[in-house]
1. In Å and on Cα atoms, what radius of gyration and Dmax does region 24-168 show?
2. Between residue 95 and residue 201, take the C-beta separation as r, use R0 = 22 Å, and let me know the FRET efficiency to the nearest 0.05.
3. Given an 8 Å cut-off on Cα distances and at least 6 residues of separation, report the relative contact order of region 139-223 as a percent.
4. When only C-alpha pairs under 8 Å and at least 6 residues apart count, what is the relative contact order of region 176-244, in percent?
5. I need the shape label for region 111-154. Rule: rounded when a/c is under 1.5, else prolate if a/b > b/c, else oblate, with a, b, c from the alpha carbon gyration tensor.
6. Report the full-extension gain for the segment residue 18 to residue 181: residue separation times 0.36 nm, less the Cα-Cα distance, to one decimal in nm.
7. Taking the beta-carbon count within 10 Å as an exposure proxy, list 25, 194 from fewest neighbours to most.
8. Find the centroid of the Cα atoms in region 117-160 and in region 215-244, then give the distance between the two in whole Å.
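Read-outs throughout are calculated quantities, based only on the coordinates presented, and are distinct from any laboratory measurement. In this text, all values refer to a predicted model and were calculated from it rather than measured experimentally. Cβ atoms come from the backbone with ideal geometry, glycine included; neighbour counts cover every protein chain shown.
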Ligand code: CA
């Protein structure tokens with residue numbers, strides 16, 4: 001492993017979009033602690049917002065408390081704690097019953113990175129000018145695409161496209177996907193909710209991420225582009241650049 005110092009820069013934006021009455025997405029990050037997270041809540045009325053906020057708060061709390069060190073184990077255990085926080089809360093209040101959220105997180109320690117996800121919020125990496133989707137959506141239609149039973153075009157049009165097959169908070173236990181990689185100076189990570197990826201295809205995302213804009217400008221541009229394309233859902237993005 002390289003011993004060179006690696007530093008990170010980050011920015012984020014979240015927007016209600018043009019159709020939804022409220023923003024049920026949430027995000028959090030701490031460059032100092034090497035932790036970045038996006039959650040997309042679901043449930044009736046205020047429940048989705050509560051679920052995503054609870055997940056981000058619990059995850060950030062676990063990953064930034066005094067004894068916390070960024071690691072795969074710490075991140076996995078923080079996801080389980082977030083799951084338990086939502087599950088417990090939803091069982092105390094009938095109005096919150098069944099609430100849940102997606103979660104996608106990037107955790108870094110020097111050049112070591114772990115990406116965790118549950119649900120259909122995604123992590124991408126722009127690496128040597130190529131955009132790669134790191135996470136796999138836990139959604140009914142994307143699972144059918146991976147099995148070769150649906151094309152991407154059919155998946156995008158399907159009335160079942162919103163059905164996710166894993167969520168945080170709806171069951172006492174949750175299985176998290178974890179991806180491990182080494183970061184390289186120049187890499188750019190994007191964590192986002194489906195309100196971004198439903199409106200912009202991978203080619204559009206790649207083109208925007210290749211721009212040399214400041215990260216906060218990039219976030220603003222991503223949100224604006226998704227809104228211009230329809231803004232049918234809440235839009236959230238966290239971008240993280242690996243500097244030398
Ligand atoms: Ca969404």
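1. Taking only Cα atoms of region 24-168, I get Rg and Dmax of 16.0, 49 Å.
2. On the way: r = 37 Å, r/R0 = 1.70.
With a Förster radius of 22 Å, E is 0.05.
3. Relative contact order for region 139-223 comes out at 20 percent.
4. Working: 76 pairs, mean separation 37.6, N = 69.
Relative contact order, region 176-244: 54 percent.
5. Oblate, since a/c reaches 1.5 and b/c is not below a/b.
6. Extra length from residue 18 to residue 181 when fully extended: 55.1 nm.
7. Fewest to most other Cβ atoms nearby, the residues stand as 194, 25.
8. 18 Å
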